[in-house]
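Chemist: Below is one structure. I have some questions about it.
The values are calculated or read from the model by the stated rules, or taken from the named source; none is laboratory data. The structure presented is a predicted model; accordingly, all values stated were derived computationally and were not measured. Note that each Cβ is placed from the backbone with ideal geometry, even for glycine, and that neighbours are counted across all protein chains shown. Surface accessibility is based on the protein's heavy atoms, side chains included, excluding ligands, DNA and RNA. Shrake-Rupley method; radii C 1.70, N 1.55, O 1.52, S 1.80 Å.
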Number of protein chains: 2
Amino acid sequence: MDEIARRAGVNKAMLYYHVGDKAALYAEVVLGFIALVEAETGRRMASEASPTGRLRALQETFLTLALTHPSYPQIMMREIASGGANLPAAALQRMAQVLGNTHRIVSDGLASGEFRPVDPIVAHLLIVGGAVFMANALRLRDRLSAAGAELPAEIPKPATIADRVTDILLFGIAARPAAGGSL
Amino acid sequence: MDEIARRAGVNKAMLYYHVGDKAALYAEVVLGFIALVEAETGRRMASEASPTGRLRALQETFLTLALTHPSYPQIMMREIASGGANLPAAALQRMAQVLGNTHRIVSDGLASGEFRPVDPIVAHLLIVGGAVFMANALRLRDRLSAAGAELPAEIPKPATIADRVTDILLFGIAARPAAGGSL
DNA sequence: TGTCGGTTTAACCGATCGGTTAGTTGTCGG
DNA sequence: CCGACAACTAACCGATCGGTTAAACCGACA
């Protein structure tokens, strides 16, 4: 709290006066982020009709948001790691609704024959987790390559990364003409 | 450190006497986990020949380890979230080698025609991230369903989850007989 | 038996952290 | 001009945390 106040250029007591205690401030940040996710996915979903297009748009939205707001996937990872110990109930409710979106898209895709019968929850976790994980991993790049990892010299643009992630995930989820997949 | 000593049933000063300070203790834990990952992946890799089998085995190994040792994916997520701020250099080096394994498998699969030309690093992050994320997300289940998410009543067995994750990822990475995929 | 080195313990220390408080400043209506 | 109330500040408080210390314990070996 001291550091937050300092970097915000305000007196620490003002945080408590205007926002409340640490948990309230944290809830404000998390809920603000969730609202951004809702607004952005809603906007992107509106212009996509097919389940394939919607799922791709969903993945791209998550990844773009994660890359443009680096602190958010950081918070999300820490929160998931702790089992949501610090998440206010309202945040969990709205996260459940986002999960419901993916669930619906996958169900639609399965009904229309576009998707293979994959587990919607696993699909959702891979989509969101892929975006969040990818965004966070970028910060490890420099340290990893210094440790001897074979990484390409330059970081691909966010759009390129999104394409590659979506490529793997969607080609795994989309139904193929022949070659059935019970596995 | 107080709580660690208490739950370990030893006097706190003994931690400092035998192990060292907090960073040393943490490094011990992280390196122990990485050694476990190395041993387990090595064991599984030895009995798999094809790139497909190796990649599947890799994913299953990560997921199984993450599910049987819940504290490890927790630590990994926090560490990735912080950009590896607390990772000792040795840990980063060995993590880079694990990354190299995936890179090699994907390259082999591409050379043998089993895989589509996917980004090996993205593939690695999805494989590891999928396992880590999945394992951590299980702890959110109860709270999410209480918040109204549509989740199945019972938790699938780890092996089932591993199958579903691998199903999506591998069918996205594996080459298909016809129906090429430039996307 | 004495003592010497490694081991263990309870108590302690300074720094940090989340949060509060008493008091000051600013401002707006009467 | 002044009272009143919101906005703001510096200083403070108790709890917690990582880490240390001085003394006690204990087995081995002379």
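Chemist: Which is open to solvent by 10 Å² or more (accessible area, probe 1.4 Å), more than 22 Å from A:M134 (Cα to Cα) and acidic (D, E), of A:E48, A:E38?
Modeler: Numbers: A:E38 fails: more than 22 Å from A:M134 (Cα to Cα).
Result of the check over A:E48, A:E38: A:E48.
Chemist: Does any residue of the range A:82-91 turn out to be at pLDDT below 85 and buried (at least 20 other Cβ atoms within 10 Å of the Cβ)? First the steps, then the outcome.
Modeler: Of all residues in the range A:82-91, those at pLDDT below 85 come to none.
No; the residues of the range A:82-91 include none that is at pLDDT below 85 and buried (at least 20 other Cβ atoms within 10 Å of the Cβ).
Chemist: Go through (1) more than 14 Å from chain B (Cβ to nearest Cβ); (2) within 16 Å of DNA strand C (Cβ to nearest atom); (3) without any contact (Cβ under 8 Å) to a residue 12 or more places away in the chain; (4) assigned to a helix (DSSP H, G or I) and name the single condition A:A39 misses.
Modeler: Status for A:A39: all satisfied but (2).
Chemist: Of all residues being at the interface with chain A (Cβ under 7 Å from one of its Cβ atoms) and open to solvent by 40 Å² or more (accessible area, probe 1.4 Å) in the range B:117-148, which is nearest to B:L67 (Cα to Cα)? Just the residue, please.
Modeler: Here the answer is B:R139.
Chemist: Considering only the range B:5-23, how many residues are in a helix (DSSP H, G or I), more than 10 Å from DNA strand C (Cβ to nearest atom) and surrounded by 13 or more Cβ atoms within 10 Å (Cβ to Cβ)?
Modeler: Adding up the residues that qualify gives 1.
Chemist: Check whether at least one residue in the range B:101-109 is touching a strand residue (DSSP E or B) at 6+ places or on another chain (Cβ under 7 Å), open to solvent by less than 40 Å² (accessible area, probe 1.4 Å) and of a type in the set (G, A, S), and report yes or no. Spell out the reasoning first.
Modeler: If we filter the range B:101-109 for residues that are touching a strand residue (DSSP E or B) at 6+ places or on another chain (Cβ under 7 Å), which is where we start, we get B:106, B:109.
In the following step, the residues that additionally are open to solvent by less than 40 Å² (accessible area, probe 1.4 Å) were identified as B:106, B:109.
Among the residues that remain, those that are also of a type in the set (G, A, S) are: B:109.
Yes, the range B:101-109 contains a residue that is touching a strand residue (DSSP E or B) at 6+ places or on another chain (Cβ under 7 Å), open to solvent by less than 40 Å² (accessible area, probe 1.4 Å) and of a type in the set (G, A, S).
Chemist: I would also like to ask the following. Quick test for you: out of A:A57, A:A39, A:A49, pick the one residue that is more than 16 Å from DNA strand D (Cβ to nearest atom), farther than 30 Å from B:S71 by Cβ and touching a helix residue (DSSP H, G or I) at 6+ places or on another chain (Cβ under 6 Å). Write out each step before concluding.
Modeler: Working: A:A39 fails: touching a helix residue (DSSP H, G or I) at 6+ places or on another chain (Cβ under 6 Å); A:A49 fails: touching a helix residue (DSSP H, G or I) at 6+ places or on another chain (Cβ under 6 Å).
Result: A:A57 is the single residue among A:A57, A:A39, A:A49 that is more than 16 Å from DNA strand D (Cβ to nearest atom), farther than 30 Å from B:S71 by Cβ and touching a helix residue (DSSP H, G or I) at 6+ places or on another chain (Cβ under 6 Å).
Chemist: Need the failing condition index for B:T68 against (1) open to solvent by less than 70 Å² (accessible area, probe 1.4 Å); (2) touching a residue at least 60 places away in the same chain (Cβ under 8 Å), just the number.
Modeler: For B:T68, the exception is condition (1).
Chemist: Further, regarding this structure: Among the residues of the range A:152-166, how many are without any contact (Cβ under 8 Å) to a residue 24 or more places away in the chain and facing chain B (nearest Cβ under 7 Å)?
Modeler: Here the count works out to 1.
Chemist: Within the range B:77-101, which residues are more than 7 Å from chain A (Cβ to nearest Cβ) and either in a loop (DSSP other than H, G, I, E, B) or among the aromatic types (F, W, Y) (or both)?
Modeler: If the condition is that a residue be more than 7 Å from chain A (Cβ to nearest Cβ) and either in a loop (DSSP other than H, G, I, E, B) or among the aromatic types (F, W, Y) (or both), then B:S82, B:A85, B:N86, B:L87, B:P88 are the ones that fit.
Chemist: Now a separate question. Quick one: is B:I127 among the β-branched types (V, I, T) and touching a Ser or Thr at 6+ places or on another chain (Cβ under 7 Å)?
Modeler: Numbers: among the β-branched types (V, I, T): yes; touching a Ser or Thr at 6+ places or on another chain (Cβ under 7 Å): yes.
Taking the combined requirement at face value, the residue satisfies it.
Chemist: From the set of residues in the range B:1-34 that are without any contact (Cβ under 8 Å) to a residue 12 or more places away in the chain and away from DNA strand D (no atom under 14 Å from the Cβ), which is farthest from B:P88 (Cα to Cα)?
Modeler: This residue is B:G9.
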